[in-house]
Amino acid sequence: MTPFPFFFIIVFFCLFPFLPSSSSLHYPYNYSLHIDCGSLSNSTDIFNTTWVSDRYFTGGAISVVSEPLYFQHSQEKTLRYFPISSGKKNCYVIPNLSSGRYQLRTFTVYDNYDGKSHSPSFDVSVEGNVVFQWRSPWHEDISRAGAYSDLFFTVSDDEANVCFYSIATDSPVIASLEITQIDPASYLVNDTSILVNYGRFSSGSDQWGPGFSNDTDRFGRSWQSDAKFRSKVAGKTTGATVKAISAIKNVINVDRAPNYFPLKLYQSAVTVIGEGGEFLEYQLPVDAKLDYLLWFHFAEIDVSVNKAGKRVFEIVVNGENVSRVDIYKEVGSFAAYDFKYVVKNLSSAELSVRFVPIVGAPVICGLENYAIIPADLKTLPAQVVAMKALKESLKVPDRMGWNGDPCAPTTWDAWEGVTCRSTTNGSLVISQIDLGSQGLKGYISDQIGLLSNLVSLNLSSNSLGGSLPWGLSQKSLVKLDLSNNKFTGPLPDSLASSPLQIVFLNGNALEGQVPEELLSIGVHGGAIDNFAGSSRL
């Protein structure tokens, strides 16, 4: 999966911020957060949009583009990058979100900020699902001027995680992140899939919307010119040309739930002029391993088409007829008409969409293409809680990359020192924790009791202290190595009920009675500390 087909290349002289102030018109979902990555302070842009510093959302280091004067707005000039010393996995954690549907929009630029003339390779995930894969070298225009990307995803808890994964020694980099709540039924394929934008165009007009102009789109969508995707006009004559047409009055049935498609999308269109029989064709770049959601936008804005049957055309996707369209028959004139289609089983890196005339010439107002990213497995929520508590109590250093979901995405390794496995019910669980000799100086959180599938725990040769929590005993726990730390107090009685086969507790200040069940481990072929023949530590 490559990022370049669905990133909008932005040149400095046409760059505008995300949502203009007109978005304050009545709209039922009003949450939006604009994060200026790498900025030390909050700022307000010319559209009265507040950009907040990212210093409370993530770690890493900050920088600026090599030529700040090339960019007009502060959120494009400052950068957050994640050196390998920060760990291979670094995340933005956006808290206090209502469960529901959201759009994420990013701006990414390299601009040789580090003087290495080497654009980095890294992956980006949202809610434990890999969505972008940046691979060096980037396209020169994107590396220099930056690129927007966007996607739709669902939040099922109270926070969103956007994570960056280093490849080799490359440092992931990001300039801005924006998250906006949208209608829960918008662009819905299912409740779990993420939709990644692989192309969105408006026919008969230049690129517009956030990032290109101040034309309002409630979702913050950016619309490119269809000329970037149009491959050819073909038919009976070689003199056929594409003609742009504009509406003489406003199109109705726009800006409605759940997708709130903007009026401007339907106020222009393209058609074909020639001797007849000419068709329009678009080539959309894709990753053949994925399925795609196509969303078609039409309006009959030609006053000469005044009854059903005067303009009829076929939509052909990758050689397959998917629909016959008569816009006037469906909705009349100057009214929006939309429908969606899911494309599966692709065999090439291009998706062909052709509009073939039956009567008259075809017409199109716009088209959207979204890759359907199936939801990856996630760690059982209770075990996520436990691991986050352990991260704090054990004082796990940043270099170990304990951020985001402990086990997801499955295409990447789990948190360093952590081993996961999948269960029959489709969840991921923690099976092993191996943090020996990592310089840890905290204690073991009681929340470890939530790790009900833990088989092996090794925290040896650190500087951990405090008493051993009752929750340390697990019905699944087979190996326990807490040797050479500073633990004090008695062994929890519950430890005797675990099916332990290997136990090492030497080198601590533990005291009290050793349960007979633990002492018998060695007798039954297991391994246990030599307690010098005593039943007490």
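The values are calculated or read from the model by the stated rules, or taken from the named source; none is laboratory data. Here the structure is a predicted model, which is why all the values come from computation and not from measurement. In this analysis, Cβ positions are derived from the backbone assuming ideal geometry, glycine residues included, and neighbour counts consider all displayed protein chains. Accessible surface areas use protein heavy atoms only, side chains included; no ligands, DNA or RNA. Shrake-Rupley method; radii C 1.70, N 1.55, O 1.52, S 1.80 Å.
Here are the numbers for this structure:
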quantity: Segment Ser99-Phe504, length gained on full extension (0.36 nm per residue, minus Cα span); calculated: 141.4 nm
quantity: Using a Förster distance of 45 Å, the FRET efficiency for Phe339-Asp413 (Cβ separation, nearest 0.05); calculated: 0.60
quantity: Nearest-ten-degree value, helix 381-393 long axis tilted from longest Cα axis of the chain; calculated: 60 degrees
quantity: D (Stokes-Einstein, µm²/s), Kirkwood Cα radius, region 164-320, 1.567 mPa s at 4 °C; calculated: 70 µm²/s
quantity: Anisotropy class of region 257-313 from Cα gyration tensor, a/c 1.5 cut; calculated: oblate
quantity: Evaluated at q = 0.13, 0.17, 0.21 Å⁻¹: base-10 log I(q)/I(0), Debye formula over Cα of region 276-369; calculated: -0.44, -0.72, -1.01
quantity: Considering only region 369-462, percent of DSSP beta bridges that pair antiparallel, nearest 5; calculated: 50 percent
quantity: Solvent-accessible heavy-atom area per residue, rounded to whole Å², over region 52-146 at 1.4 Å; calculated: 38 Å²
quantity: Accessible area per residue, Å², region 353-468 with all protein chains present, probe 1.4 Å; calculated: 38 Å²
quantity: Residues Ser476 and Glu314, FRET efficiency given R0 of 56 Å [Cβ-Cβ distance, rounded to 0.05]; calculated: 0.40
quantity: Equivalent ellipsoid dimensions for region 373-482 as semi-axes, Å, which come from the Cα gyration tensor, largest first; calculated: 23, 16, 12
quantity: For region 86-146, the spread of Cα positions along each principal axis, largest first, Å; calculated: 41, 26, 18
quantity: Percent RCO, i.e. relative contact order, over the chain, from Cα pairs under 8 Å lying at least 6 residues apart; calculated: 11 percent
quantity: ³J(HN,Hα), Karplus 6.51/-1.76/1.60, whole Hz, each residue of region 486-491, x for Gly, Pro; calculated: 10, 5, 10, x, x, 6
quantity: Calculated from backbone phi, Karplus (6.51, -1.76, 1.60) coupling profile of region 340-352 in Hz, x at Gly/Pro; calculated: 10, 8, 9, 9, 10, 6, 6, 10, 9, 8, 10, 10, 9
quantity: Cα gyration tensor shape of region 97-196, rounded if a/c is under 1.5, else prolate or oblate by comparing a/b with b/c; calculated: prolate
quantity: 5 angstrom amide H check on Val286, placed H, neighbours 5+ away; calculated: Glu350, Leu351
quantity: Kirkwood Rh in Å, taken over region 140-222 so that all alpha-carbon pairs contribute; calculated: 15.6 Å
quantity: Mean-position separation - Cα centroids, region 332-408 and region 98-157, in angstrom; calculated: 14 Å
quantity: Region 162-207 shape via C-alpha gyration tensor axes, a/c threshold 1.5; calculated: oblate
quantity: Debye intensity ratio in log₁₀ form over the Cα atoms of the chain, taken at each q of 0.08, 0.09, 0.10 Å⁻¹; calculated: -0.62, -0.74, -0.85
quantity: For Tyr110, distant residues with modelled amide H under 5 Å away; calculated: Gly146
quantity: Percent antiparallel among DSSP beta bridges (both partners in the chain, rounded to 5); calculated: 80 percent
quantity: Fraction of accessible area attributable to carbon and sulfur, region 75-217 (%, probe 1.4 Å); calculated: 46 percent
quantity: GluC sites (Glu not before Pro) restricted to region 224-303 and DSSP loop, no more than 10 other C-beta within 10 Å; calculated: Glu275
quantity: Modelled FRET efficiency - R0 41 Å, Ser66 with Lys395, Cβ distances, 0.05 increments; calculated: 0.65
quantity: For Phe132, distant residues with modelled amide H under 5 Å away; calculated: Val124
